[in-house]
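Before any comments, here is the structure.
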Amino acid sequence: MSPTMNHRGVISPRRRFPAPHDAGTLERLRVSGIHTKSIRETAMAFFTDISKIEYEGPQSRNPLAFRHYNADEMVEGRTMRDHLRFSVCYWHTFRGTGADPFGAGTLQRPWDDGTESVENAKNRVRVAFEFIEKLGAPFYCFHDRDVAPEGANLAESYKNLDAVADVLEEEQQRSGIKLLWGTANLFSHPRYLHGAATSCNADVFAYAAAQVKKAMEVTHRLGGENYVFWGGREGYMNLYNTDMKRELDHLAKFMHMAVDHAKTIGFTGQFLFEPKPKEPTKHQYDFDAAACLNFLRQYDLLDHVKLNIETNHATLAGHTMAHELVYSSIQGALGSIDANTGDLLLGWDTDQFPTDIYLTTQCMLAILDQGGLAPGGVNFDAKVRRESFEPVDLFHAHIGGMDAFARGLKIAAAIRADGVLTDFVKTRYRSYDAGIGAKIESGAASFEDLAAYMLEAGDVQPNESGRQEMLENLVNMYL
Ligand code: XUL
Ligand code: CO
């Protein structure tokens, strides 16, 4: 669609967002006192051509409307809003530049003056909340360094974060948007080149602890419902220089300290560990759900920490998202999801917005099966492509992801209501409901009993088709 077409909100970004250095913009900033007082009025002007995104139903052809996400619609006795608990991530959506290893940033973000000033960070918060409010997402989440700039020293970084948190708090109260989770960026700064909690340098461990302490306190202050640990650079590039045992012990110590600090400050939110197999390190310690759960179990952290499962991380690990969700869920450890998708043909973390209805249906089947995600949610850890450089693309991207999940929710609920898959699976395992199978499950049978049983029976024949193709066709009937 041409950017000059007069669809709601689809107009030239030049008209809607004058470049920050335009005389007109500078005048507008001066008049609104952007550098001297609250810049609420100025920031609110940014998305004036885009009205609140409304549900218009599946027939709508309006690109700035929901076709499936209808927040108040009830599904399985709960509103879509409460099932999905959508969250906008601050890092991609408000700090992403579109830069890649081959080229500079491309994304037009005219509200951003390009500096690392606290003033710019505060202004960005106003714009972010205007965006999230118009989108109608109930949550957001951030890393400490997304929202506030790193200072010249730790004390200054604390101060910067507090100053921006004041604005975050104000905007949360004004809009009713809540914090799904907070986290600390323990990977961008050069001090973390060897990792943070798994660094060979104890001073780096200490710095990371001081940073997480503050990030937890700000998360707590803002009513955050969860706190996330993603490995960052907690992994290794080469075993010749790595004491793996010591690094894992340190990571566990670090997480125990966080659990203790939560008690100290009264933070009762859920801790989440986010698996990812590689990138930036060759081998991340939080490789996949199985590796994370083994780590948590080994170090006695299972009672305190659940998992935040991300689609592109699952596929990088050679798993489907559904596998990671079900694997965590059956162990009572599925806490939240980072909703995105990779690219079949690219082997890295492309963090694209999810639009595949099979994917979202499978996610929602796993989530409904465990009775929901709360206090977790569906966070779009996803970024627009560098070619999608206009601000309106942020709306298209999120609308698409929200609609895909809403549709997945409705389809999953319909499949569950008919009980077709559950009935099939139940029947498939019926040999364990009575007789020898029931004895195996209850622990009443030994190898001796089973050998005696089979010596008498003689042999067992393949007796039932798995019906995979029939079931795949059946799922298609619901799409
Ligand atoms: C990195 C990633 C992170 C975490 C939070 O791949 O997913 O953004 O979600 O640190
Ligand atoms: Co993530």
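At-a-glance table
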| item | result |
| --- | --- |
| Matching option when the condition is touching an Asp or Glu at 6+ places or on another chain (Cβ under 6 Å) and at pLDDT 95 or above, among Ala314, Ala333 | Ala314 |
| Helices (runs of 4 or more DSSP H) lying entirely in region 59-177 (those with 2 or more residues that are modelled with pLDDT of 95 or more and away from ligand 2 (no atom under 16 Å from the Cβ)) | 80-84, 118-135, 154-175 |
| Matching option when the condition is within 16 Å of ligand 1 (Cβ to nearest atom) and assigned to a helix (DSSP H, G or I), among Ala206, Ala215 | Ala215 |
| Gly377 vs. criteria within 16 Å of ligand 2 (Cβ to nearest atom) and open to solvent by 10 Å² or more (accessible area, probe 1.4 Å) | no |
| Cβ-Cβ under 7 Å pairs, at least 6 apart or on other chains, region 398-423 side assigned to a helix (DSSP H, G or I), far side basic (Lys, Arg) and open to solvent by 10 Å² or more (accessible area, probe 1.4 Å) | Asp403/Arg67 |
| Within region 227-274, tally of residues that are farther than 24 Å from Asn201 by Cβ, within 16 Å of ligand 1 (Cβ to nearest atom) and not in a strand (DSSP E or B) | 1 |
| Residues satisfying the stated conditions in region 188-203, i.e. surrounded by 19 or more Cβ atoms within 10 Å (Cβ to Cβ) and either within 14 Å of ligand 1 (Cβ to nearest atom) or within 22 Å of the chain's Cα centre (by Cα) (or both) | Tyr192, Gly195, Ala196, Ala197 |
| Which numbered condition Gly335 misses (of (1) assigned to a strand (DSSP E or B); (2) touching a helix residue (DSSP H, G or I) at 6+ places or on another chain (Cβ under 7 Å)) | (2) |
| Cβ-Cβ under 7 Å pairs, at least 6 apart or on other chains, region 158-172 side in contact (Cβ under 8 Å) with a residue 24 or more places away in the chain and over 16 Å from His143 (Cβ atoms), far side outside any helix (DSSP H, G or I) and open to solvent by 60 Å² or more (accessible area, probe 1.4 Å) | Gln172/Lys178 |
| Cross-chain or 6+ apart pairs with Cβ under 7 Å, region 107-122 first and within 17 Å of Glu150 (Cβ to Cβ), then open to solvent by 60 Å² or more (accessible area, probe 1.4 Å) | Glu119/His35; Asn120/Asp113 |
| Candidate set: region 147-159, residues that are surrounded by fewer than 23 Cβ atoms within 10 Å (Cβ to Cβ) and of a type outside the set (Gly, Ala, Ser); chosen: the one farthest from Glu54 (Cα to Cα) | Asn153 |
| Pairs, first within 30 Å of Gly318 (Cα to Cα) in region 257-285, second part of a helix (DSSP H, G or I), C-beta under 6 Å, six or more apart | Phe273/Cys292; Pro275/Ala289; Pro275/Cys292; Pro275/His313; Lys276/His313; Pro277/Leu316 |
| Residue check, His323 assigned to a helix (DSSP H, G or I) and crowded, with 18+ Cβ neighbours inside 10 Å | yes |
| Candidates Asp338, Asp303 - the one that is open to solvent by 10 Å² or more (accessible area, probe 1.4 Å) and of a type in the set (Asp, Glu) | Asp303 |
| Residue in region 180-187 that is away from ligand 2 (no atom under 16 Å from the Cβ), modelled with pLDDT of 95 or more and surrounded by fewer than 20 Cβ atoms within 10 Å (Cβ to Cβ) present | no |
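One line per residue, one yes/no per condition, for (1) in a loop (DSSP other than H, G, I, E, B); (2) touching a strand residue (DSSP E or B) at 6+ places or on another chain (Cβ under 7 Å); (3) at pLDDT below 95; (4) within 14 Å of ligand 2 (Cβ to nearest atom):
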{"site": "Glu279", "(1), (2), (3), (4)": "yes, no, no, yes"}
{"site": "Leu293", "(1), (2), (3), (4)": "no, no, no, no"}
{"site": "Leu301", "(1), (2), (3), (4)": "yes, no, no, no"}
{"site": "Lys306", "(1), (2), (3), (4)": "no, yes, no, no"}
{"site": "Ser328", "(1), (2), (3), (4)": "no, yes, no, no"}
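The values are calculated or read from the model by the stated rules, or taken from the named source; none is laboratory data. Because the structure is predicted, anything quoted here is derived from the model rather than measured. Positions of Cβ are backbone-derived with ideal geometry, glycine not excepted, and every protein chain shown enters the neighbour counts. These area figures cover heavy atoms from the full protein model, side chains too; ligands, DNA and RNA do not enter into them. Shrake-Rupley method; radii C 1.70, N 1.55, O 1.52, S 1.80 Å.
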